[in-house]
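Note sheet for the following structure.
The values are calculated or read from the model by the stated rules, or taken from the named source; none is laboratory data. What you are looking at is a predicted structure, and each value in this text was computed from that prediction instead of being measured. All Cβ positions, glycine included, derive from the backbone under ideal geometry; neighbour counts span all protein chains shown. Side chains are part of the model used for accessible areas, which takes the heavy atoms of the whole protein and leaves out ligands, DNA and RNA. Shrake-Rupley method; radii C 1.70, N 1.55, O 1.52, S 1.80 Å.
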Amino acid sequence: EGLKVKGLYPKLLWPMPVKQYDDFAKNCDKILVPEVNYSGQLSHFLRAETSIRNPIQYTICGGLPFTPRMMVKRVKELLAS
């Protein structure tokens, strides 16, 4: 749809690849962190372990993954704000 976005798909969560996260984030205005859990654990670890200070949590629970439609809708909301 012509939106200017990029994605990072970590394969390793611990030990956290801090340099990979920091390199990704250095040219980002906003960092959206979709998580299929109520508490937003990855966002917490990003704040604690990397230079990322304001990850935008997007959490769902219920056992089902995010749909592409859900992700596009949330990204559009963030780009408009």
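Some observations on this one:
- Selection within the stretch 17-49 - closer than 22 Å to LEU3 by Cα and of a type in the set (D, E, K, R): ASP23, LYS26, ASP29, LYS30, GLU35
- Filtered by the rule that a residue be open to solvent by less than 40 Å² (accessible area, probe 1.4 Å) and either in contact (Cβ under 8 Å) with a residue 60 or more places away in the chain or not aliphatic (A, V, I, L, M) (or both), the stretch 38-51 gives GLY40, SER43, THR50.
- Search result, residues across the stretch 16-37 that are part of a helix (DSSP H, G or I), without any contact (Cβ under 8 Å) to a residue 24 or more places away in the chain and within 22 Å of SER81 (Cα to Cα): PHE24
- One residue stands out among those in the stretch 1-15 that are at pLDDT 90 or above and either surrounded by 10 or more Cβ atoms within 10 Å (Cβ to Cβ) or not in a loop (DSSP other than H, G, I, E, B) (or both): the one that is nearest to the chain's Cα centre (by Cα), which is LEU8.
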